[in-house]
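Peer 1: Before I ask anything, here is the structure I am working with.
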Amino acid sequence: MDKKDLKIVYMGTPDFAVEPLKALHENGFNIVGVITMPDKPAGRGHKIQFSPVKNYALEQGLRLLQPEKLKDEQFVDELRSLEADLQIVVAFRMLPEVVWGMPKLGTFNLHASLLPQYRGAAPINWAVINGEKETGVTTFFLTHEIDTGKIIQQERVPILDSDNAGTIHDKLMYKGCDLILETVNAIIAGTVKPKPQEELFQSESELKPAPKIFKETCKIDFNRTSQEVHNLVRGLSPYPAAWCTLNTGKEELSTKIYETECIEAAHQLKPGSIKTDNKKYLDIATADGFLRVKELQIPGKKRLTIEEFLRGFRIEDDFCFTDESAKI
């Protein structure tokens, strides 16, 4: 089968899904339909905003479908009319069997981890939060249970000490483009030998999950080690960002922290205590040392380097960071 004869339906929504779609389209694959989430209001003005995938599909004149419900009979009939041989899913949503089981060559997903590790909604964040030194991308065929289907191919990517969730997102996005092209070409050539994930582990206890990130997930606990807090900050930067509460004695300021550095130094201070020269550095005591804050944001202000922040905000001796909840 020639790639122009292979009819592909592509499903995705955010930026992460645009580059693989672009790679397929620019490499001459036959994209007969693109499916993305319905438009929704965003921002203070609640203006209708198109998804990144929709914007690209419209620019390229690709056929677009935006179903509210994936089991809707009208949508299923329209999808069936496209007569796709293969469906590709990148950062979309759970599909019902009536959808993923439709193409004769199956439906495969690009997942931003080395499956079976980090199944779930936030694999990039959790790999960095857990201090992993390596992650990657996986293509696998969809089945009933989420992220458990047979693995087609994988590519590994190192996680550097300088990386955060944002840089790993971009690395995996571009690595995923290459992997999707390789996977589709292998399917066309008939050389795919899918491997059950169960062959890659002996017990479910070996697997690290990647659940959805919530506000409480992002709260910093300075009773943990400097490295653990540093990894939490990295794993949530630039979005949604780790946060803590700056207690001034008069008010509690919910503070987002975007970049930090571990400082090894013995101390007898209470975790959350602050050391600063009010000019160039701000260190927060942890269980085993200090965390040097490089970039942060307080309510009503933009994201600032610590030098910018200290030029306009003086830290007094009784200020501290607490683990009490505050509104963001």
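Peer 1: What about Ser81, is it closer than 28 Å to Gly28 by Cα, open to solvent by less than 30 Å² (accessible area, probe 1.4 Å) and of a type outside the set (Lys, Arg)?
Peer 2: The answer is no for Ser81.
Peer 1: Which of the residues belonging to region 183-210 are open to solvent by less than 50 Å² (accessible area, probe 1.4 Å), touching a helix residue (DSSP H, G or I) at 6+ places or on another chain (Cβ under 8 Å) and not in a helix (DSSP H, G or I)?
Peer 2: Matches in region 183-210: Val192, Ala210.
Peer 1: Output the residues belonging to region 47-67 that are under 27 Å from Asp5 (Cβ atoms) and either assigned to a strand (DSSP E or B) or among the aromatic types (Phe, Trp, Tyr) (or both).
Peer 2: The answer is Tyr56, Leu64, Leu65.
Peer 1: Could I ask something else about it? Quick check on my filter: what residues within region 47-61 are open to solvent by less than 70 Å² (accessible area, probe 1.4 Å) and of a type in the set (A, V, I, L, M)?
Peer 2: Matches in region 47-61: Val53, Ala57.
Peer 1: So, in region 211-227, exactly how many residues are under 17 Å from Thr286 (Cα atoms), buried (at least 17 other Cβ atoms within 10 Å of the Cβ) and among the polar types (S, T, N, Q)?
Peer 2: The total comes to 1.
Peer 1: Could I ask something else about it? Please go through region 110-121 and pick out each residue that is open to solvent by 20 Å² or more (accessible area, probe 1.4 Å) and not aliphatic (A, V, I, L, M).
Peer 2: The answer is Gln117, Arg119, Gly120.
Peer 1: Here's another thing I want to ask about it. Looking at region 260-292 only, could you name the residues that are of a type in the set (Gly, Ala, Ser) and either open to solvent by less than 70 Å² (accessible area, probe 1.4 Å) or modelled with pLDDT of 95 or more (or both)?
Peer 2: Ala265, Gly272, Ser273, Ala285, Ala287, Gly289 - these are the residues of region 260-292 that are of a type in the set (Gly, Ala, Ser) and either open to solvent by less than 70 Å² (accessible area, probe 1.4 Å) or modelled with pLDDT of 95 or more (or both).
Peer 1: So which residues in region 237-255 are farther than 15 Å from Phe222 by Cβ, within 22 Å of the chain's Cα centre (by Cα) and either surrounded by 15 or more Cβ atoms within 10 Å (Cβ to Cβ) or at pLDDT below 95 (or both), if there are any at all?
Peer 2: Ser237, Pro238, Pro240, Ala241
Peer 1: Check whether at least one residue in region 166-178 is over 19 Å from Val53 (Cα atoms), of a type in the set (Phe, Trp, Tyr) and touching a helix residue (DSSP H, G or I) at 6+ places or on another chain (Cβ under 9 Å), and report yes or no.
Peer 2: No; the residues of region 166-178 include none that is over 19 Å from Val53 (Cα atoms), of a type in the set (Phe, Trp, Tyr) and touching a helix residue (DSSP H, G or I) at 6+ places or on another chain (Cβ under 9 Å).
Peer 1: A further question on this structure: Do the conditions hold for Ile180, that is, is it assigned to a helix (DSSP H, G or I), within 23 Å of Gly101 (Cβ to Cβ), in contact (Cβ under 8 Å) with a residue 40 or more places away in the chain and open to solvent by less than 50 Å² (accessible area, probe 1.4 Å)?
Peer 2: The answer is yes for Ile180.
Peer 1: Evaluate region 122-141: report whether one residue or more is more than 22 Å from Phe29 (Cβ to Cβ), open to solvent by 30 Å² or more (accessible area, probe 1.4 Å) and either at pLDDT below 95 or acidic (Asp, Glu) (or both).
Peer 2: The answer is yes; a qualifying residue exists.
Peer 1: Only one of these conditions is not met by Val34: (1) β-branched (Val, Ile, Thr); (2) out of contact with any Gly (no Cβ under 9 Å at 6 or more places or on another chain); (3) at pLDDT 95 or above. Which number is it?
Peer 2: That leaves (2) as the condition not met.
Peer 1: Looking for whichever is touching a residue at least 24 places away in the same chain (Cβ under 8 Å) and either in contact with a Cys (Cβ under 7 Å, 6 or more places away or on another chain) or among the acidic types (Asp, Glu) (or both) here; the options are Glu59, Glu68, Glu78. Which one fits?
Peer 2: Of the residues listed, the single one that is touching a residue at least 24 places away in the same chain (Cβ under 8 Å) and either in contact with a Cys (Cβ under 7 Å, 6 or more places away or on another chain) or among the acidic types (Asp, Glu) (or both) is Glu68.
Peer 1: Sticking with this one: Could you tell me whether any residue of region 149-167 is open to solvent by 40 Å² or more (accessible area, probe 1.4 Å), β-branched (Val, Ile, Thr) and modelled with pLDDT of 95 or more?
Peer 2: Checking region 149-167: at least one residue is open to solvent by 40 Å² or more (accessible area, probe 1.4 Å), β-branched (Val, Ile, Thr) and modelled with pLDDT of 95 or more.
Peer 1: Is it the case that region 309-328 has a residue that's under 22 Å from Asp161 (Cβ atoms) and open to solvent by 60 Å² or more (accessible area, probe 1.4 Å)?
Peer 2: No, that holds for no residue.
Peer 1: Can you give me the number of residues within region 7-35 that are closer than 18 Å to Ser81 by Cβ and of a type outside the set (A, V, I, L, M, F, W, C)?
Peer 2: 4
The values are calculated or read from the model by the stated rules, or taken from the named source; none is laboratory data. None of these values were measured; they are calculated from a predicted model. Here the Cβ is made from the backbone with ideal geometry for all residues, glycine too, and neighbour counts use every protein chain on show. Note: areas computed on protein heavy atoms with side chains; ligands, DNA, RNA excluded. Shrake-Rupley method; radii C 1.70, N 1.55, O 1.52, S 1.80 Å.
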